[in-house]
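Student: Take this structure, written in structure tokens, and hold onto it; I'll ask about it next.
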Amino acid sequence: MAYNERLAARVRDVLANHDGISERKMFGGLAFLLDGKMSVGVMGEDLIVRTGEDAYAAALARPGARPMDFTGRVSKGMVYVGASGTSKGADLRRWIGTGIAAAAAARAAPLKKRRATSSRKSRS
């Protein structure tokens, strides 16, 4: 799935001077990570915002927001925001602020353990 390049550029502009931000292609779209934790993203025409579970209900009450159901199940703590909720610069900045705050408060995912590879060759 392609993502709205114009919206992605607007998000980049807002995040330009924010430390710890990286971009990664995810969900068939583009994700903006804060210190490796997703904060916001762009998928199709929508902004994806990490809200955290505590701010989730309040986020859904804001214009343009709806539950994120990418896999067919609602992802609590994440919302989609349609164009009506991001058309004004102040609204976009507020959504991005919500995502940055939620990512900053989130615990880092535990590192995956690597399986040890045997250096011995099997004998036939």
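The values are calculated or read from the model by the stated rules, or taken from the named source; none is laboratory data. None of these values were measured; they are calculated from a predicted model. Here Cβ is always computed from backbone atoms with ideal geometry, including for glycine, and neighbour counts include all displayed protein chains. To get the accessible areas, we keep the full protein, side chains included, count just its heavy atoms, and leave off ligands, DNA and RNA. Shrake-Rupley method; radii C 1.70, N 1.55, O 1.52, S 1.80 Å.
Student: For residue 74, what accessible surface area do you get with a 1.4 Å probe? Give it in Å², rounded to 10.
Tutor: Solvent-accessible area, nearest 10 Å²: 80 Å².
Student: Now, a different point. To the nearest 20 Debye, how big is the dipole of the chain about its Cα centre, given +1 on the beta carbon of each Lys and Arg and -1 on that of each Asp and Glu?
Tutor: 1020
Student: Same structure again: Using the heavy atoms of the protein chains and a 1.4 angstrom probe, tell me the accessible area per residue for region 4-58 in square angstrom.
Tutor: Per residue, region 4-58 has an accessible area of 51 Å².
Student: Counting pairs on different chains as well as pairs 8 or more places apart, how many Lys pairs in the chain have Cα atoms under 22 Å apart?
Tutor: Going through the chain pair by pair, I get 6.
Student: Using DSSP to define loop residues, name the chymotrypsin sites (Phe, Trp or Tyr not before Pro) in region 12-82 whose beta-carbon has at most 15 other beta-carbon atoms within 10 Å.
Tutor: Those satisfying the criteria are 70.
Student: How large, in percent, is the carbon and sulfur part of the accessible surface of region 11-86 at a probe radius of 1.4 Å?
Tutor: About 49 percent, which is the carbon plus sulfur part of the accessible surface.
Student: Give the label of the value calculated from the structure for Cα extents along the principal axes in Å, choosing from (1) 50, 38, 25; (2) 68, 28, 28; (3) 53, 46, 25.
Tutor: Label (2) holds the value from this structure.
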